[in-house]
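Enquirer: Below you will find the structure I want to go over with you.
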Amino acid sequence: MPQVIFLPHEEICPEGASLEAQSGISICDLALQNGIEIEHACEKSCACTTCHVYVREGLDSLGEPTEDEEDMLDKAWGLEPDSRLSCQAIVADSDLVVELPKYTINQVSENH
Ligand code: FES
């Protein structure tokens, strides 16, 4: 089973986490099932950017993002080449290292 490492994030998972994943699960669902509360404002329908993550290792093993995902990602806070929407990024059979962005767009508009 692939292993997915979540790097520490101050609020969402201060200790980080190392999880065993079933191939075929989205990064977002995997995190939520393990108590890592990634935001998912559109209920994982690829219509927001709150589930944005960086895939620091293993990015190539994920399927190509769809055009819809790319369009949404363009609006995400802190877009990087490693960026994916975690509800659309499906774990394949490679290990992954995932980093959560410091902010989501919701937080940026509320607090910053
Ligand atoms: S939860 Fe909205 S795009 Fe992933």
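The values are calculated or read from the model by the stated rules, or taken from the named source; none is laboratory data. Values in this document were obtained by computation on a predicted structure and should not be read as measured data. When we count neighbours, we look across all protein chains shown, and the Cβ atoms used for this are built from the backbone with ideal geometry, even at glycine. Remember, those area values only see protein heavy atoms, side chains included, never the ligands or the DNA or RNA. Shrake-Rupley method; radii C 1.70, N 1.55, O 1.52, S 1.80 Å.
Enquirer: Using each residue's phi in region 3-8, evaluate 6.51 cos²θ - 1.76 cosθ + 1.60 at θ = phi - 60° and report the 3J(HN,Hα) Karplus result to the nearest Hz, with x for Gly and Pro.
Expert: Rounded to whole hertz, the list is 10, 10, 9, 9, 6, x.
Enquirer: Using Cα pairs under 8 angstrom and six or more residues apart, how large is the relative contact order of region 2-61, in percent? Spell out each step's value before the answer.
Expert: Numbers: 52 pairs, mean separation 12.6, N = 60.
Result for region 2-61 is 21 percent.
Enquirer: Roll a 1.4 angstrom probe over the protein heavy atoms and tell me the percent of accessible area of the chain that is carbon or sulfur.
Expert: Details: 2700 of 6040 Å².
Ligands and nucleic acids excluded, carbon and sulfur give 45 percent.
Enquirer: In whole Hz, with x marking every Gly and Pro, tabulate ³J(HN,Hα) for region 82-88 from phi via Karplus 6.51 cos²θ - 1.76 cosθ + 1.60, θ = phi - 60°.
Expert: 7, 6, 9, 8, 5, 6, 9
Enquirer: Now for a separate question. What nm value, rounded to one decimal, do you get for the distance between residue 11 and residue 47 when each label is placed 7 Å out toward the C-beta?
Expert: The modelled label-to-label distance comes out at 2.4 nm.
Enquirer: Going by average Cβ density within 10 Å per residue, which order do the peptides 76-84, 22-30 take, highest to lowest?
Expert: In decreasing order of mean packing, 76-84, 22-30 become 22-30, 76-84.
Enquirer: In Å and whole numbers, how far do the C-alpha atoms of the chain stretch along each principal axis, longest first?
Expert: Taking the Cα atoms of the chain, the three principal extents are 38, 33, 24 Å.
Enquirer: Return a whole-number percent for the relative contact order of region 4-112, with Cα pairs under 8 Å and 6 or more residues apart as the contact set.
Expert: Result for region 4-112 is 36 percent.
Enquirer: Just the accessible area per residue of region 3-99, please: how many Å² with a 1.4 Å probe?
Expert: Details: 4990 Å² over 97 residues.
Using a 1.4 Å probe on heavy atoms only, each residue of region 3-99 averages 51 Å².
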